[in-house]
Amino acid sequence: MNNKLEKAINTQLNFEIESAFVYLAMKNYLESLSLDGFVNWFDIQFQEEMAHAQKFMNYVNERGGRVEIRGFEDPKNNFESVLEVLEASLAHEKEVTRRIHSLMKLAYEENDYPSIGLLQWYVDEQVEEEDNFSKLIEKVKMVKNSGLYMLDKELATRVFVPINTAG
Ligand code: OFO
């Protein structure tokens with residue numbers, strides 16, 4: 001596969017794994033508050049990020065490239081509030097979106113049509129990711145402490161929907 005794309009997708013798939021660990025740390029902070037619904041929601045977020053990484057890995061392998069797994073810095077483990085967790089999540093997703101868009105730009109520059117096809121899935125996914133966190137932030141701001149319990153119940157119903165990771 002195209003060398004530049006192979007390198008850039010490797011960077012991104014490692015960032016997806018890093019994202020998974022960002023959410024895993026948040027999930028465990030929420031465990032410390034005994035907010036079971038938020039814990040469930042963030043556990044699914046963790047699983048989704050690993051699936052995003054897997055989809056990229058499958059694609060690189062399918063195209064005869066080489067996947068390289070790298071390390072990363074410790075994620076943030078301590079927060080002041082649920083709202084801080086959600087605001088950090090939205091900021092993180094905006095950074096992911098920025099990176100996906102620059103990958104897409106590279107794919108166009110290199111006329112790498114299969115990568116453009118793959119990346120469109122991630123472009124669409126990021127719209128949903130940012131929307132999920134934006135809405136959650138608004139809901140948390142709306143509800144007072146008494147309402148947090150109700151929202152927690154709602155979040156507990158989220159289920160993981162496997163994506164097609166075939167690349
Ligand atoms: Fe992989 O989309 Fe969130 O980070």
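The values are calculated or read from the model by the stated rules, or taken from the named source; none is laboratory data. All values reported here derive from a predicted model rather than from experimental measurement. Cβ atoms come from the backbone with ideal geometry, glycine included; neighbour counts cover every protein chain shown. Accessible surface areas use protein heavy atoms only, side chains included; no ligands, DNA or RNA. Shrake-Rupley method; radii C 1.70, N 1.55, O 1.52, S 1.80 Å.
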Contact list please: Cβ distance under 9 Å, first residue in segment 115-126 and within 12 Å of residue 167 (Cβ to Cβ), second residue at pLDDT below 95 and within 11 Å of the ligand (Cβ to nearest atom), pairs at least six apart or on different chains. 121/163
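Run down 70, 63 and say which single residue is at pLDDT 95 or above, surrounded by 15 or more Cβ atoms within 10 Å (Cβ to Cβ) and over 14 Å from the mean Cα position of the chain (by Cα).
63 is the lone residue from the list that is at pLDDT 95 or above, surrounded by 15 or more Cβ atoms within 10 Å (Cβ to Cβ) and over 14 Å from the mean Cα position of the chain (by Cα).
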Since residue 110 meets every condition but one in (1) open to solvent by less than 50 Å² (accessible area, probe 1.4 Å); (2) under 30 Å from residue 10 (Cβ atoms); (3) acidic (Asp, Glu), which condition does it not meet? (1)
Residues being open to solvent by less than 20 Å² (accessible area, probe 1.4 Å), in contact (Cβ under 8 Å) with a residue 40 or more places away in the chain and either away from the ligand (no atom under 13 Å from the Cβ) or in contact with a strand residue (DSSP E or B) (Cβ under 7 Å, 6 or more places away or on another chain) (or both) - total across segment 10-40: 5
State all residues of segment 43-67 that are more than 12 Å from the ligand (Cβ to nearest atom) and either within 25 Å of residue 162 (Cβ to Cβ) or touching a Lys or Arg at 6+ places or on another chain (Cβ under 7 Å) (or both); if no residue qualifies, say none. 43, 57, 58, 59, 60, 61, 62, 63, 65, 67
Unique match (being modelled with pLDDT of 95 or more, β-branched (Val, Ile, Thr), open to solvent by 60 Å² or more (accessible area, probe 1.4 Å) and within 16 Å of the ligand (Cβ to nearest atom)) among 123, 96, 127: 127
